[in-house]
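Shown next, in structure tokens, is the structure this report addresses.
The values are calculated or read from the model by the stated rules, or taken from the named source; none is laboratory data. Note that the structure is a prediction, hence the values are computed from the model and not measured. FYI the Cβ positions are ideal-geometry reconstructions off the backbone, even for glycines, and counts take in every protein chain you see. Note: accessible area is taken over every heavy atom of the protein model, side chains too, but ligands, DNA and RNA are not part of it. Shrake-Rupley method; radii C 1.70, N 1.55, O 1.52, S 1.80 Å.
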Amino acid sequence: MKLLVTGGAGFIGSNFIRYIFEKYPSYKIINYDKLTYAGNPDNLKDVENNPHYKFIKGDICDFKLVSKHIKNADAVINFAAETHVDRSILNAGDFIKTDVNGTFSLLEASRAYKISKFVHISTDEVYGSILKGSFKETSPISPNSPYSAAKASSDLLVRSYFRTYGLPAVITRCSNNYGPFQYPEKLIPLFVTNALDGKDLPLYGDGKNVRDWLYVIDHCRAIDIVLHKGENGEVYNIGGGVEMTNIDITKLILKILGKPQSLIKKVSDRPGHDRRYSIDCSKLKKLGYKPLYTFEKALKETVKWYVENERIWRRLKNSGFDKYYKLQYKK
Ligand code: NAD
Ligand code: DAU
């Protein structure tokens with residue numbers, strides 16, 4: 001099988017490419033990635049020389065270039081996106097360009113070249129916040145940030161291409177991932193690497209917002225199931241079943257690292273901050289999905305990875321990306 005993976009140089013995409021080569025050594029993968037600030041060729045150093053792997057630097061909005069590569073693929077797995085909520089609050093433009101227009105360009109190319117499967121990687125954030133119970137795939141979408149609104153728009157485009165043109169597309173909506181190679185602006189890698197440097201951990205609001213956490217390899221296993229067994233036109237929720245408040249995760253990270261709780265610094269809240277995410281994954285479980293990693297063990301492994309791979313994250317942190325959030329999230 002020949003896969004065109006977009007955004008494969010990012011966090012989940014790079015873990016997915018490694019996962020696929022381990023499980024299906026005969027598969028061929030084209031990694032099509034623009035290499036934005038979040039795309040890091042270091043994430044795939046170990047597969048660079050695999051003869052079944054090819055990297056193309058390109059923008060998914062570039063219809064001509066992406067078509068040239070989609071033409072040779074059986075399936076498209078679309079990870080490429082602007083993904084950080086705080087960045088979308090400061091500047092939504094790139095989110096609309098990539099997440100909406102970029103998805104449109106991929107759909108058009110996939111339709112023109114009669115792709116046999118289009119897997120669109122989306123997020124539980126499209127449902128918005130829920131205080132009690134869990135969202136099902138049939139729940140209405142109600143996004144609250146420019147990021148989640150852009151992702152929701154892309155989901156609707158994918159749906160329309162299935163209904164109107166019969167494009168064999170499926171949508172996955174996953175909860176918060178953690179694991180190796182995540183860009184250090186997201187909660188877990190930011191807090192681990194700040195704590196290693198003895199720097200403050202900026203906790204938004206009262207710290208009681210709840211997220212459902214999933215180890216990235218379990219997400220890759222779920223996408224594998226959807227790619228091979230998912231029914232066209234369907235949406236599949238993917239979650240870890242591990243709901244935790246941000247303050248509890250923060251305390252756990254400090255405990256694992258043996259660092260003082262005094263590093264926690266409460267700062268002003270993220271505007272439009274969703275209180276709780278929770279999704280019901282029973283639909284995917286019927287196809288055989290079950291997360292294999294337990295949270296405490298996988299979090300410890302993740303922390304260990306950041307301790308041992310400073311070479312990868314230090315350069316990214318030195319780019320000074322966190323300075324501009326400080327203007328927004330003051331004490
Ligand atoms: P990431 O930010 O780590 O990586 C995004 C990748 O996309 C980067 O390699 C970047 O260079 C590439 N990219 C960005 N714009 C591009 C463009 N215009 N053309 C081509 N490539 C482009 O993201 P991630 O955390 O790995 O998320 C991957 C996907 O999974 C996204 O679609 C995201 O919405 C979704 N998702 C993420 C999570 C999570 O917890 N991280 C959870 C659910 C869903
Ligand atoms: O739910 C899936 C989504 O999870 C993905 O679609 C997004 O791409 C991904 O970025 C993630 O979004 P979140 O906004 O939930 O992740 P983030 O790591 O930015 O924040 C997690 C929680 O921690 C959230 O409640 C905000 C809080 N937070 C985050 C940062 C970066 C803080 O308190 N302080 C921080 O410095």
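For segment 8-93, chymotrypsin sites (Phe, Trp or Tyr not before Pro) meeting the loop criterion (DSSP other than H, G, I, E, B) and having at most 13 other Cβ atoms within 10 Å: Tyr37. Ordering Leu90, Leu187 by accessible surface, largest first, gives Leu90, Leu187; the 1.4 Å probe counts only protein heavy atoms, with every chain in place. Taken about its Cα centre, the chain carries a charge dipole of about 140 debye when Lys and Arg each add +1 at the Cβ and Asp and Glu each add -1 at the Cβ. Element breakdown for the chain at a 1.4 angstrom probe: carbon and sulfur atoms account for 53% of the accessible area. Considering only Val226, Val307, Val235, the Gaussian network model of the chain with Cα springs below 10 Å gives its largest mean-square fluctuation to Val307. Most fluctuating residue of Ile264, Ile188, Ile77 in a GNM of the chain with Cα springs under 10 Å: which is it? Comparing Ile264, Ile188, Ile77 in the GNM, the peak value goes to Ile264. Pairs spanning more than 24 Å between alpha-carbon atoms, out of Lys199/Lys304; Lys151/Lys323; Lys2/Lys97; Lys136/Lys266: Lys151/Lys323; Lys2/Lys97; Lys136/Lys266.
Residues whose amide H comes within less than 5 Å of that of Lys265, counting only those at least five positions distant or on another chain, are Leu201, Leu203 (H built at 1.01 Å from N in the peptide plane). Entry comment: accessible area of segment 47-199 is 40 Å² per residue, from protein heavy atoms only and a probe of 1.4 Å.
Please compute the net charge surrounding Pro168, taking Lys and Arg as +1 and Asp and Glu as -1 over other residues with Cβ under 14 Å from its Cβ. Walk me through the numbers before you get to the answer.
Details: positive: Arg111, Lys114, Lys117, Arg159, Arg163, Lys229; negative: Asp74, Glu231, Glu234.
My count for the surroundings of Pro168 gives +3.
Note on Lys114: aspartates and glutamates with a C-alpha under 19 Å away, same-chain residues under 8 apart excluded, are Asp62, Asp74, Glu231, Glu234. Within the assembled protein chains, the solvent-accessible surface assigned to Glu234 is about 60 Å², based on a 1.4 Å probe.
Here segment 209-269 and segment 181-202 have alpha carbon centers that stand 15 Å from each other.
Electrostatic tally near Asn101: other residues with Cβ closer than 11 Å to its Cβ, Lys and Arg +1, Asp and Glu -1, net -4.
For the chain, the relative contact order works out to 17 percent when only alpha carbon pairs closer than 8 Å and six or more residues apart are counted.
For segment 278-325, the solvent-accessible area works out to 61 Å² per residue, with a probe of 1.4 Å and every protein chain left in place. Seen from Glu296, the other residues with C-beta closer than 12 Å to its C-beta sum to a net charge of +1, counting Lys and Arg as +1 and Asp and Glu as -1.
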